[in-house]
Every structure is written in structure tokens, then in C-alpha cells.
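Every read-out reported here was derived from the displayed coordinates using simple, explicitly stated rules and does not represent laboratory data. All figures in this text were calculated on a predicted structure; none of them were measured in a lab. Please note: Cβ atoms are built from the backbone with ideal geometry, for glycine as well, and neighbour counts cover all protein chains shown.
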Amino acid sequence: MKIAVMSCIHGNLAALEAVLKDIEEHSCEQIYCLGDLVGYGPFPNEVVNTIRQLKIPTVQGCWDEDIVEGLNACECSYPSLLAEKRGILAHEWTNNQITPENRQYLSQLPETLKIGNICFVHGSPQSNHEYLLAEMDAFTALERVLASEADVLFCGHTHIPYVRTLDSGQLEVKVSQPDSENNQFLSFTTPLKRIINVGSVGEPRHGRPNATYVIYDTFTEEFELREVAYNYQETCAAIIDVGLPPIFAWRLAKGLEYAEKAEDPTHICER
Amino acid sequence: MWAILSGIEGNLTAFQAVLRDIQTLNIEQLYILGDLVGINPDSEKVVQRIRYPHADELSPQVCRGWWEEQCIILHGLVATGEPTELEVQYGAETAKKLWDSVSSETVKWLAALEFGFVELDCLLIHGSTVSVSEELTPKTSPWQILDRLQRMEVNHLFCGRSGEVFDYELQAGSIATTVTTLDSQHLPQTMTTAQKRLIGVGSVGRKPPKATYTLYNPYTNGVEFRTVYY
């Protein structure tokens, strides 16, 4: 079955519509969404309404969670104090705009979805705030897939798409216990595992303003990283019109994270 | 040489027996990896004994354990509202006993304890780098054990949550990985991991009449498990 997986729409309706059109042209049988429907962008309700109308199975992203539970992530969610300040502005604006029905919808989204040997999460199986970056240590990446009890782990959150294969994992272990006379020597192996990061529909950071998502064939296990051009200037203008920080429009136009990188992207917020 | 203890659980007799054993050895550092208190009327005395060691005893470095965490939750000193984990595992009656076993002044002292210590290339902690509740044993997935070591970039992780004594050595590891992005496909790479160890330090007070704890020589990486009957 050919599926389309997208994430991080962030209130960007024009980008979502362009991606939905591209998905239709590629005859995908099912769409999945990895959360962050809101935040940064000017059309949070319109985006949530579209996802609801199309009945797209969706997991909860960190922005969706914050709109439901209040802003409770610690400063580790932002790469700098300046980024945090702007993020709080975007949160407050979105919080004022979102309808009760849409807030209720966001509140009931699951943190993970599991379909066969595929797991869908926003950040990682352990936290929707954790960044699974392409350059992450390979053993750490493998542990995240194993923790999901799947062969293929779909995630978003970083806004940069990639596919990472993790193959022929092997560990040699020696266990000594006082109650046991002999040491135990154990060998562990893992079959092929994959992390597929689907990038971002509405706030890409791969260096271009185009929306990104992934098409995956569950039978052949073939994947295609899709990049869809659309009229992003329309969203940039709307960001400024509704009074969101103009830097979000600049960032969308560049397709880049403008601030410095977080020091520890794998840090899990305990709050 | 370091002496590393955990799981006293308010068992003063067991703790004093271990202290006497330590006195016979040439110990430079004493670590207590949590669970000082438990459902035991002597919990308060154990804490006092740790806070105020005798003149000829080492002053221990102490971190927070599972039972300390439950006390702190019970007394409302953390954001978590209900002592759910305690009630699920032991029932509401135990929550009441724990409340009666440890004074609020002592709970405030427990709340200020460190989550763990990093010394040299060692992490000393009650549960794991993820949670005070996480129990790492030889049956834990080796990938998970490696991850918990890597999170703090250490080569040795000493833990006490399970109460078991074991020396779990990750001797070698490798994995092949390839990354494909929108613009390129990187060549396959084989990554390897350095030797790492997880050491279960035992339990002083959980299994009478037998107390177990661990000695570690940071200069030779030698580990010795001690058993004291009381």
C-alpha cells in the first residue's frame, strides 16, 4: 500500500493544500500526519479543520500538546532565549485563535500510532520534544526504533527530511554475577531498521521554502522524499497581517532555522 | 577504592553491618545510590546516621532513590500530584506507612539530594539516566543499556534500582548506517562503540539477613561485590 506521511504543518494552509494536491496526484491510498498542526503560522483552525474533515490519522505534536495543556515545555525546547520569546508570542496568538472544538480535537490525539511494523511519532517514541536528527549517533537512533517495537519509525519535529537505514546492528556482552559460577557471553543482532523523518509541510528548514513530506510503499518498502513548491509568499504575507513576529515569515521564505542550534537536541524535557 | 551502596530501605541493622565492613577496608569515597528510606520505622534513624557520620567514618555522597522520590511526591514537593506509582506497586496503606516513617524535615533534606553523580568516566545513579524508577538488569535490552550509558557520555554506569549485583560488560558493538536526504545519499558507514559497563551495586537492606554492596577501583576499573550477613 502506498502511504503519504506528513508533519509540522504549523498553521500554513497554502502549504497543506499544495501537499494534499501532490499526494492525490501520486495516488496514495492513506495519509498519516505526525502532528504540530498549529504554531508559527496564521491559519491554525483552517489546518485543523482540513485534517479533521479528511479524517487523517494524526499523532500529537509538541505544539498541539502545548495548546491543550498550556505552555509547559522548558527552555530546552528552544535554541536561544530570543527564539523562546518569539515562540511564546506564537503560542499566545495561537492559543487565542484556536476554537474550543479544535482544542478538544488536539487534546485527544494519541502520542503514537502503530500500523503493522510501522510506528508514527512526532519527535521520538519517548517524547514529542526529542529531535531525531540525521547526524544522531547510530546506536541511539537504533534504540529509538527498537523502543517503538517497529521496523520503520516515522517522525517529524526537526523540519528536515531524511531516511536513515540502520543495518546489521551487533553487540557482544559479558555478564558476571556472584550467584553464577560462569560468566555469560551473549551476542545480540538486529535486522534492518529505518527512521524516516518526513520534514515539514509548513515551516521547512532544509534550505528551501518548499513543503516536504514522504511517500512510502509498505509492500516494496520503497520511499520517496517529496518536495513541493507552492506560493509561500501568500503565507508570509498572512503571518505579518495577523500580527505574528515577522521573523517567522523571513524564516519560511528562506527555509532555514535562523537561530543557533540547540546544545543537546536529544535532551528530554522532564516538565 | 570506592564503596557503592544502595537500597538500605530503612534497615538500620543492615546499614550498620555494612559500615563496619567498610571500616575494615581502605575506602576513599562512599556513595549511597538512593533508597535510604523505605517502609521501615528505622528510616528516620538511617537518614540521621547518614547525615551525621561518626568521626572515624567517611561522609557519604548520597543521591535520590525511588523511595525518596515517593516521599517527595507524598509531601507535595514536586509537580506530580498523586503518588500513583507508589499506590500501584504497594497500595494506599503503604503510602500512609511511608508518610509515618519519614518526618517532613527529613523529606525536605531528601528533596535536595542530587539525581546522580558523574565522577571520572562513571555515572552513579539509582535508576537510570531516564528515570529514578527505571530498573536496569542483565535482562534489559542491551541497546537500551548502551543508550542509557551514552546519554551521559560515560563508560561505567553504577545503579541500584534492581537490588541485584551484576557486572554487565558491553564488549564490542557495530552497526551499518546510511542517510538519504533530499539532496544526497551519504555512503554507508559502519559505526562502532567503545567498551562500556553497567554495574548493579546490590541492596543493603532489602533481603535480610544478607546485605550486598560494591567496591570499585577507579584506577584499575576492578569491581568487587561484597556480601555481609547480619
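One table, with the values for the structure above:
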{"item": "Phi to ³J(HN,Hα) by Karplus 6.51 cos²θ - 1.76 cosθ + 1.60 over the range A:178-191, Hz, x for Gly, Pro", "result": "x, 6, 10, 5, 9, 6, 9, 10, 10, 10, 10, 9, 10, x"}
{"item": "Cβ-derived FRET efficiency at R0 25 Å, A:Gln30 paired with A:Glu149, nearest 0.05", "result": "0.75"}
{"item": "Approximate spin-label separation A:Glu135-B:Glu114, in nm, with each point projected 7 Å along Cα-to-Cβ", "result": "3.1 nm"}
{"item": "Three semi-axes of the equivalent ellipsoid, chain A, Cα gyration tensor, whole Å, largest first", "result": "34, 22, 17"}
{"item": "Amide H within-cut-off set for B:Gly163, under 5 Å, with H built and near neighbours excluded", "result": "B:Gly202"}
{"item": "Label-point separation in nm, B:Glu93 to B:Thr220, each point 7 Å along Cα→Cβ", "result": "5.0 nm"}
{"item": "Protection-proxy order for peptides B:223-229, A:187-193, each taking the mean of Cβ atoms within 10 Å per residue, highest first", "result": "B:223-229, A:187-193"}
{"item": "Whole-Hz couplings from phi, Karplus 6.51/-1.76/1.60, listed for the range B:34-51; x for Gly and Pro", "result": "x, 6, 5, 9, x, 7, 8, x, 8, 3, 4, 5, 4, 4, 5, 5, 6, 5"}
{"item": "Shielding of B:179-187 by partner chains, average beta-carbon count, 10 Å", "result": "6"}
{"item": "Long-range HN-HN contacts of B:Arg226 with modeled amide H, under 5 Å", "result": "B:Tyr213, B:Thr214, B:Leu215"}
{"item": "Sequence of B:Thr129, B:Thr212 once ranked by neighbouring C-beta atoms within 10 Å, starting from the fewest", "result": "B:Thr129, B:Thr212"}
{"item": "Average beta-carbon neighbours from other chains, 10 Å sphere, peptide A:133-143", "result": "6"}
{"item": "Nitroxide proxy distance, nm - points 7 Å out along Cα→Cβ at A:Lys174 and A:Val242", "result": "6.1 nm"}
{"item": "Cross-link partners of A:Lys193 among lysines (Cα-Cα below 17 Å; sequence separation of 8 or more within a chain)", "result": "A:Lys114"}
{"item": "Cα centroid separation, the range B:142-179 to the range A:13-58 (Å)", "result": "40 Å"}
{"item": "Amide H contacts under 5 Å for B:Glu119, placed H, 5+ residues apart", "result": "B:Leu124"}
{"item": "Potential lengthening between B:Gln144 and B:Tyr52 on full extension [0.36 nm per residue; Cα-Cα distance subtracted]", "result": "29.3 nm"}
{"item": "Reciprocal mean inverse distance between Cα atoms of the range A:1-119 - Kirkwood radius, Å", "result": "14.9 Å"}
{"item": "Over chain B: Kirkwood hydrodynamic radius from C-alpha pairwise inverse distances, Å", "result": "18.6 Å"}
{"item": "In chain B, lysine pairs closer than 26 Å at Cα, eight or more apart or cross-chain", "result": "13"}
{"item": "Karplus-derived 3J(HN,Hα), 6.51/-1.76/1.60, for each residue of the range B:155-171, Hz, glycine and proline x", "result": "9, 10, 10, 9, 9, x, 4, 6, x, 7, 10, 6, 10, 10, 10, 7, 7"}
